[in-house]
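Below: the structure, in C-alpha coordinates.
The values are calculated or read from the model by the stated rules, or taken from the named source; none is laboratory data. Keep in mind that this is a model prediction, so the values were computed, not measured. Ideal geometry is used to build each Cβ from the backbone, glycine not excepted, and the neighbour counts take in all protein chains shown. Areas reflect the complete protein model, heavy atoms only, side chains present, ligands, DNA and RNA absent. Shrake-Rupley method; radii C 1.70, N 1.55, O 1.52, S 1.80 Å.
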Amino acid sequence: MSIIRKAIIPVAGFGTRFLPVTKSIPKEMIPIIDKPTIQYIVEEAVDSGITDILLVTSKHKKSIEDYFDNFKELESVLEKSKNYEMLEMIKKLSNMVNITFVRQKEQNGLGHAIYHGKTFVGDEPFCVLLGDDIVHNDNKPCLKQLIECHEKHGGTILGVQEVERKDVSKYGIVDGEKIGDSLYKVNNLIEKPSIEEAPTNVAILGRYVISPSIFSHLEKASSGKLGEIQLTDSLVKLIDDEDVFAYTFEGTRYDIGDKVGYLKATIDFSLRDQKMKGIITNYLGEKLK
Ligand code: UTP
(Lines give C-alpha, C1' and ligand atoms only; values in the text may rest on other atoms or scores of the structure.)
Protein backbone atom coordinates (compact mmCIF):
# COMPACT_ATOMS: atom_id res chain seq x y z
CA MET A 1 0.00 0.00 0.00
CA SER A 2 1.41 3.39 -0.99
CA ILE A 3 1.99 6.07 1.64
CA ILE A 4 -0.38 8.98 1.22
CA ARG A 5 1.54 12.21 0.83
CA LYS A 6 -0.51 14.39 -1.53
CA ALA A 7 -3.52 16.57 -0.77
CA ILE A 8 -5.74 18.86 -2.80
CA ILE A 9 -7.35 21.85 -1.11
CA PRO A 10 -9.96 23.55 -3.30
CA VAL A 11 -10.30 27.27 -2.51
CA ALA A 12 -11.74 28.64 -5.74
CA GLY A 13 -15.37 29.13 -4.69
CA PHE A 14 -17.09 32.52 -4.51
CA GLY A 15 -18.03 32.29 -0.84
CA THR A 16 -21.45 33.84 -1.44
CA ARG A 17 -22.69 32.94 2.07
CA PHE A 18 -20.11 35.30 3.50
CA LEU A 19 -20.70 38.33 1.25
CA PRO A 20 -19.94 41.22 1.24
CA VAL A 21 -16.47 40.59 2.74
CA THR A 22 -15.75 37.79 0.24
CA LYS A 23 -16.13 40.26 -2.64
CA SER A 24 -12.45 41.07 -2.15
CA ILE A 25 -11.19 38.86 0.71
CA PRO A 26 -11.20 35.09 0.09
CA LYS A 27 -13.17 33.33 2.83
CA GLU A 28 -10.16 31.06 3.35
CA MET A 29 -8.19 34.17 4.40
CA ILE A 30 -10.72 35.25 7.03
CA PRO A 31 -8.86 34.86 10.33
CA ILE A 32 -9.88 32.81 13.33
CA ILE A 33 -8.13 35.06 15.91
CA ASP A 34 -4.79 35.71 14.17
CA LYS A 35 -4.48 32.86 11.65
CA PRO A 36 -6.40 32.60 8.39
CA THR A 37 -8.65 29.57 8.01
CA ILE A 38 -6.45 28.12 5.27
CA GLN A 39 -3.48 27.94 7.66
CA TYR A 40 -5.38 25.73 10.12
CA ILE A 41 -6.21 23.41 7.22
CA VAL A 42 -2.68 23.30 5.78
CA GLU A 43 -1.34 22.59 9.31
CA GLU A 44 -3.78 19.71 9.71
CA ALA A 45 -2.52 18.24 6.42
CA VAL A 46 1.14 18.64 7.44
CA ASP A 47 0.47 17.12 10.88
CA SER A 48 -1.13 14.16 9.08
CA GLY A 49 2.03 13.44 7.06
CA ILE A 50 1.18 15.28 3.84
CA THR A 51 4.26 16.63 2.03
CA ASP A 52 2.72 18.04 -1.18
CA ILE A 53 -0.35 20.24 -1.42
CA LEU A 54 -2.16 21.52 -4.49
CA LEU A 55 -4.33 24.57 -3.87
CA VAL A 56 -7.01 25.02 -6.52
CA THR A 57 -7.47 28.78 -6.64
CA SER A 58 -9.15 31.37 -8.83
CA LYS A 59 -8.31 34.87 -9.98
CA HIS A 60 -9.81 36.49 -6.87
CA LYS A 61 -7.62 34.48 -4.50
CA LYS A 62 -4.13 35.85 -5.06
CA SER A 63 -3.73 36.72 -1.38
CA ILE A 64 -3.71 32.98 -0.57
CA GLU A 65 -0.72 32.44 -2.89
CA ASP A 66 1.06 35.44 -1.33
CA TYR A 67 0.39 34.16 2.17
CA PHE A 68 2.47 31.00 1.65
CA ASP A 69 5.23 32.79 -0.31
CA ASN A 70 8.50 34.23 1.04
CA PHE A 71 8.38 37.82 2.28
CA LYS A 72 12.04 38.84 2.48
CA GLU A 73 11.40 42.56 3.17
CA LEU A 74 9.27 41.70 6.21
CA GLU A 75 11.87 39.18 7.39
CA SER A 76 14.64 41.80 7.29
CA VAL A 77 12.45 44.31 9.22
CA LEU A 78 11.79 41.66 11.91
CA GLU A 79 15.50 40.75 11.97
CA LYS A 80 16.56 44.40 12.42
CA SER A 81 14.05 44.92 15.22
CA LYS A 82 15.22 41.61 16.82
CA ASN A 83 11.65 40.30 16.77
CA TYR A 84 12.94 36.73 16.46
CA GLU A 85 9.71 35.07 17.56
CA MET A 86 7.72 36.61 14.69
CA LEU A 87 10.62 36.08 12.30
CA GLU A 88 10.62 32.34 13.01
CA MET A 89 6.85 32.19 12.60
CA ILE A 90 6.94 33.99 9.23
CA LYS A 91 9.79 31.84 7.90
CA LYS A 92 8.11 28.62 9.05
CA LEU A 93 4.93 29.57 7.23
CA SER A 94 6.55 29.71 3.81
CA ASN A 95 8.63 26.55 4.37
CA MET A 96 6.27 24.16 6.11
CA VAL A 97 5.18 22.18 3.04
CA ASN A 98 5.57 22.07 -0.71
CA ILE A 99 2.58 24.02 -2.08
CA THR A 100 1.69 24.42 -5.74
CA PHE A 101 -1.25 26.28 -7.25
CA VAL A 102 -3.55 25.73 -10.18
CA ARG A 103 -6.34 28.04 -11.28
CA GLN A 104 -9.92 26.96 -11.82
CA LYS A 105 -11.00 29.44 -14.48
CA GLU A 106 -14.72 28.96 -14.00
CA GLN A 107 -16.32 27.91 -10.72
CA ASN A 108 -18.12 24.84 -12.04
CA GLY A 109 -18.28 23.01 -8.72
CA LEU A 110 -16.19 20.94 -6.31
CA GLY A 111 -15.84 17.96 -8.70
CA HIS A 112 -14.54 20.28 -11.41
CA ALA A 113 -12.07 21.86 -8.94
CA ILE A 114 -10.72 18.43 -7.88
CA TYR A 115 -10.32 17.37 -11.53
CA HIS A 116 -7.66 20.10 -11.79
CA GLY A 117 -5.46 17.87 -9.59
CA LYS A 118 -5.29 14.95 -12.04
CA THR A 119 -1.65 15.47 -13.12
CA PHE A 120 -0.54 16.44 -9.61
CA VAL A 121 -2.00 13.24 -8.14
CA GLY A 122 -0.87 10.69 -10.75
CA ASP A 123 -1.90 7.17 -9.73
CA GLU A 124 -1.72 7.32 -5.93
CA PRO A 125 -4.59 7.67 -3.46
CA PHE A 126 -4.76 11.28 -2.30
CA CYS A 127 -6.53 13.49 0.23
CA VAL A 128 -8.97 16.34 -0.14
CA LEU A 129 -9.54 18.95 2.56
CA LEU A 130 -12.18 21.59 1.86
CA GLY A 131 -10.76 25.08 2.20
CA ASP A 132 -13.53 26.34 4.45
CA ASP A 133 -13.84 23.46 6.95
CA ILE A 134 -11.70 23.49 10.10
CA VAL A 135 -11.65 20.35 12.25
CA HIS A 136 -10.16 20.64 15.73
CA ASN A 137 -8.70 17.63 17.50
CA ASP A 138 -5.89 18.06 20.04
CA ASN A 139 -4.80 14.41 19.93
CA LYS A 140 -4.99 13.25 16.33
CA PRO A 141 -5.76 15.41 13.29
CA CYS A 142 -8.93 14.45 11.45
CA LEU A 143 -7.07 13.73 8.21
CA LYS A 144 -4.63 11.41 10.00
CA GLN A 145 -7.60 9.43 11.35
CA LEU A 146 -8.85 8.99 7.77
CA ILE A 147 -5.40 8.04 6.47
CA GLU A 148 -5.07 5.40 9.21
CA CYS A 149 -8.51 4.06 8.26
CA HIS A 150 -7.35 3.83 4.63
CA GLU A 151 -4.18 1.99 5.73
CA LYS A 152 -6.36 -0.56 7.53
CA HIS A 153 -9.20 -1.03 5.04
CA GLY A 154 -7.94 0.40 1.71
CA GLY A 155 -10.41 2.07 -0.65
CA THR A 156 -11.83 5.54 -0.54
CA ILE A 157 -12.61 7.02 2.89
CA LEU A 158 -15.14 9.79 3.44
CA GLY A 159 -14.86 11.73 6.72
CA VAL A 160 -18.35 11.88 8.26
CA GLN A 161 -20.28 12.83 11.37
CA GLU A 162 -23.97 12.72 12.23
CA VAL A 163 -25.71 16.07 11.79
CA GLU A 164 -29.10 17.29 12.93
CA ARG A 165 -31.81 15.94 10.66
CA LYS A 166 -33.00 19.47 9.80
CA ASP A 167 -29.54 20.20 8.33
CA VAL A 168 -29.18 17.22 5.94
CA SER A 169 -29.87 19.36 2.87
CA LYS A 170 -26.56 21.21 3.37
CA TYR A 171 -24.43 18.08 2.89
CA GLY A 172 -23.65 14.94 0.90
CA ILE A 173 -25.47 12.21 2.84
CA VAL A 174 -24.34 8.59 3.21
CA ASP A 175 -26.52 5.55 2.61
CA GLY A 176 -24.66 2.51 3.94
CA GLU A 177 -24.29 -0.32 6.42
CA LYS A 178 -22.50 0.08 9.71
CA ILE A 179 -19.61 -2.43 9.73
CA GLY A 180 -17.71 -1.19 12.78
CA ASP A 181 -17.82 1.31 15.65
CA SER A 182 -17.01 4.25 13.41
CA LEU A 183 -17.17 2.69 9.97
CA TYR A 184 -19.82 2.37 7.26
CA LYS A 185 -19.63 0.55 3.95
CA VAL A 186 -21.14 3.06 1.54
CA ASN A 187 -23.89 1.88 -0.85
CA ASN A 188 -24.97 5.27 -2.14
CA LEU A 189 -24.50 9.00 -1.58
CA ILE A 190 -27.07 11.71 -2.04
CA GLU A 191 -25.98 15.30 -2.48
CA LYS A 192 -28.01 17.85 -0.50
CA PRO A 193 -31.21 15.75 -0.12
CA SER A 194 -34.44 17.06 1.33
CA ILE A 195 -35.26 15.80 4.85
CA GLU A 196 -37.72 13.30 3.30
CA GLU A 197 -35.19 12.01 0.74
CA ALA A 198 -32.28 11.63 3.20
CA PRO A 199 -31.62 7.93 4.02
CA THR A 200 -29.56 8.85 7.13
CA ASN A 201 -28.18 11.92 8.91
CA VAL A 202 -24.55 10.81 8.29
CA ALA A 203 -22.94 13.73 6.45
CA ILE A 204 -19.67 14.11 4.54
CA LEU A 205 -17.78 16.94 6.26
CA GLY A 206 -14.92 18.22 4.14
CA ARG A 207 -12.27 15.50 4.52
CA TYR A 208 -11.59 12.63 2.10
CA VAL A 209 -9.03 10.00 1.10
CA ILE A 210 -9.81 9.21 -2.53
CA SER A 211 -8.72 6.56 -5.01
CA PRO A 212 -7.11 8.01 -8.19
CA SER A 213 -9.78 6.16 -10.25
CA ILE A 214 -12.05 9.11 -9.38
CA PHE A 215 -10.46 11.11 -12.21
CA SER A 216 -11.85 8.82 -14.92
CA HIS A 217 -15.34 9.51 -13.51
CA LEU A 218 -14.75 13.25 -13.06
CA GLU A 219 -13.57 13.41 -16.66
CA LYS A 220 -16.96 12.21 -17.88
CA ALA A 221 -19.01 14.07 -15.28
CA SER A 222 -21.65 16.54 -16.28
CA SER A 223 -23.37 19.17 -14.17
CA GLY A 224 -25.67 17.77 -11.53
CA LYS A 225 -27.77 19.55 -8.92
CA LEU A 226 -27.44 23.36 -8.99
CA GLY A 227 -25.66 23.21 -12.36
CA GLU A 228 -22.32 22.26 -10.76
CA ILE A 229 -20.05 19.25 -11.32
CA GLN A 230 -20.43 17.47 -7.99
CA LEU A 231 -17.67 15.39 -6.42
CA THR A 232 -20.40 13.25 -4.83
CA ASP A 233 -21.73 12.08 -8.23
CA SER A 234 -18.29 10.70 -9.19
CA LEU A 235 -17.84 9.12 -5.74
CA VAL A 236 -21.11 7.24 -6.34
CA LYS A 237 -19.68 5.91 -9.63
CA LEU A 238 -16.62 4.59 -7.74
CA ILE A 239 -18.82 2.39 -5.51
CA ASP A 240 -19.50 -0.05 -8.40
CA ASP A 241 -15.80 -0.90 -8.81
CA GLU A 242 -14.09 -0.21 -5.49
CA ASP A 243 -14.69 -0.04 -1.73
CA VAL A 244 -15.97 3.28 -0.46
CA PHE A 245 -16.14 3.66 3.32
CA ALA A 246 -17.42 6.43 5.54
CA TYR A 247 -15.46 6.95 8.75
CA THR A 248 -16.84 8.87 11.73
CA PHE A 249 -13.88 11.02 12.72
CA GLU A 250 -13.34 12.48 16.18
CA GLY A 251 -13.10 16.24 16.39
CA THR A 252 -15.08 19.44 16.30
CA ARG A 253 -15.83 20.63 12.81
CA TYR A 254 -16.51 24.27 11.95
CA ASP A 255 -17.96 25.45 8.64
CA ILE A 256 -16.11 28.75 8.25
CA GLY A 257 -18.03 29.55 5.06
CA ASP A 258 -21.09 30.03 7.26
CA LYS A 259 -21.31 33.08 9.56
CA VAL A 260 -22.47 31.12 12.61
CA GLY A 261 -19.81 28.44 12.04
CA TYR A 262 -17.18 31.16 11.83
CA LEU A 263 -18.34 32.79 15.09
CA LYS A 264 -18.41 29.45 16.93
CA ALA A 265 -14.84 28.76 15.78
CA THR A 266 -13.67 32.19 16.93
CA ILE A 267 -15.21 31.72 20.39
CA ASP A 268 -13.93 28.14 20.81
CA PHE A 269 -10.38 28.96 19.66
CA SER A 270 -10.24 31.99 21.98
CA LEU A 271 -11.35 29.75 24.88
CA ARG A 272 -8.58 27.26 23.96
CA ASP A 273 -5.95 30.00 24.14
CA GLN A 274 -4.40 30.15 27.62
CA LYS A 275 -3.86 33.94 27.47
CA MET A 276 -7.37 34.78 26.25
CA LYS A 277 -9.41 32.11 28.01
CA GLY A 278 -10.00 34.00 31.31
CA ILE A 279 -10.78 37.34 29.65
CA ILE A 280 -13.23 35.85 27.15
CA THR A 281 -14.93 33.68 29.79
CA ASN A 282 -15.53 36.75 31.97
CA TYR A 283 -16.71 38.76 28.98
CA LEU A 284 -19.18 36.07 27.85
CA GLY A 285 -20.35 35.63 31.46
CA GLU A 286 -21.13 39.36 31.68
CA LYS A 287 -22.96 39.34 28.34
CA LEU A 288 -25.07 36.32 29.20
CA LYS A 289 -26.17 37.58 32.64
P1 UTP B 1 -18.64 25.64 -0.99
O2 UTP B 1 -19.88 25.45 -1.76
O3 UTP B 1 -18.69 25.54 0.49
O4 UTP B 1 -17.93 27.02 -1.31
O5 UTP B 1 -17.53 24.67 -1.56
P6 UTP B 1 -18.41 28.29 -2.07
O7 UTP B 1 -19.08 27.96 -3.35
O8 UTP B 1 -17.20 29.17 -2.14
O9 UTP B 1 -19.36 28.93 -0.97
P10 UTP B 1 -20.82 29.55 -1.00
O11 UTP B 1 -21.73 28.36 -0.89
O12 UTP B 1 -20.96 30.35 -2.27
O13 UTP B 1 -20.86 30.41 0.22
C14 UTP B 1 -16.66 23.88 -0.77
C15 UTP B 1 -15.21 24.12 -1.13
O16 UTP B 1 -14.98 23.91 -2.53
C17 UTP B 1 -14.38 25.05 -3.14
C18 UTP B 1 -14.72 26.22 -2.21
O19 UTP B 1 -13.70 27.21 -2.31
C20 UTP B 1 -14.76 25.56 -0.84
O21 UTP B 1 -13.48 25.48 -0.25
N22 UTP B 1 -14.91 25.19 -4.51
C23 UTP B 1 -16.25 25.19 -4.72
C24 UTP B 1 -14.03 25.34 -5.55
O25 UTP B 1 -12.79 25.35 -5.36
N26 UTP B 1 -14.53 25.48 -6.81
C27 UTP B 1 -15.85 25.47 -7.08
O28 UTP B 1 -16.23 25.61 -8.27
C29 UTP B 1 -16.74 25.33 -6.00
Modelled label-to-label distance, SER222 and VAL21, 7 Å Cα→beta-carbon offset: nm?
-> 4.0
Note the full-extension length gain between LYS275 and GLU151 as 0.36 nm times their separation in residues minus their Cα-Cα distance, in nm to one decimal.
-> 40.8 nm
Net lengthening on full extension, SER94/SER63 (0.36 nm per residue, minus Cα-Cα) | 9.8 nm
LYS287 to PHE71: extension gain in nm, 0.36 nm per residue of separation minus the Cα-Cα distance?
-> 73.7 nm
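When the accessible area of the stretch 15-71 is split by element with a 1.4 Å probe, what percent falls to carbon and sulfur? Walk me through the numbers on the way to the answer.
Details: 1410 of 2570 Å².
Here it works out to 55 percent.
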In debye to the nearest 20, the charge dipole size for the chain, taken about the Cα centre with +1 at each Lys and Arg Cβ and -1 at each Asp and Glu Cβ, equals 940
How long are the semi-axes of the ellipsoid equivalent to the chain, from square roots of 5 times the Cα gyration tensor eigenvalues, in whole Å, largest first?
-> 31, 23, 19
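What number results when the radius of gyration of the stretch 1-139, computed over Cα atoms, is divided by 2.2 N^0.38 Å?
Details: Rg = 15.8 Å, N = 139, 2.2 N^0.38 = 14.3 Å.
Against the empirical 2.2 N^0.38 Å value, I get 1.10 for the stretch 1-139.
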Rh by Kirkwood over Cα pairs, then Stokes-Einstein D for the stretch 195-289 at 1.002 mPa s and 20 °C, µm²/s | 124
Quickly work out the SER213-to-SER169 label distance, labels modelled 7 Å from Cα along the C-beta direction, and quote it in nm with one decimal.
-> 3.4
Rounded, prolate or oblate: which fits the stretch 124-182, taking a ≥ b ≥ c as square roots of the Cα gyration tensor eigenvalues, rounded meaning a/c under 1.5, else prolate when a/b beats b/c?
-> oblate
Among LYS140/LYS259; LYS27/LYS144; LYS91/LYS277; LYS152/LYS185; LYS166/LYS259, which pairs are too far apart, with a Cα-Cα distance over 21 Å?
-> LYS140/LYS259; LYS27/LYS144; LYS91/LYS277
Where does the chain land at 222 nm, in deg cm²/dmol rounded to the nearest 500, when only DSSP H runs of n ≥ 4 count, each adding -39500 (n - 2.57), divided by all residues?
-> -10500 deg cm²/dmol
Of TYR84, PHE101, LEU130, whose Cα points farthest to the positive end of the dipole of the stretch 80-130 (charges on the beta-carbon: +1 Lys, Arg; -1 Asp, Glu; origin at the Cα centre)?
-> TYR84
Quick one: accessible area per residue over the stretch 55-207, 1.4 Å probe, rounded to a whole number of Å²?
-> 52
Which one of ILE33, ILE25, ILE147 has the biggest mean-square fluctuation once the chain is modelled by GNM with Cα springs under 10 Å?
-> ILE33
In nm, to one decimal, how far is the SER194 label point from the LYS264 one, both placed 7 Å along Cα→Cβ?
-> 2.6
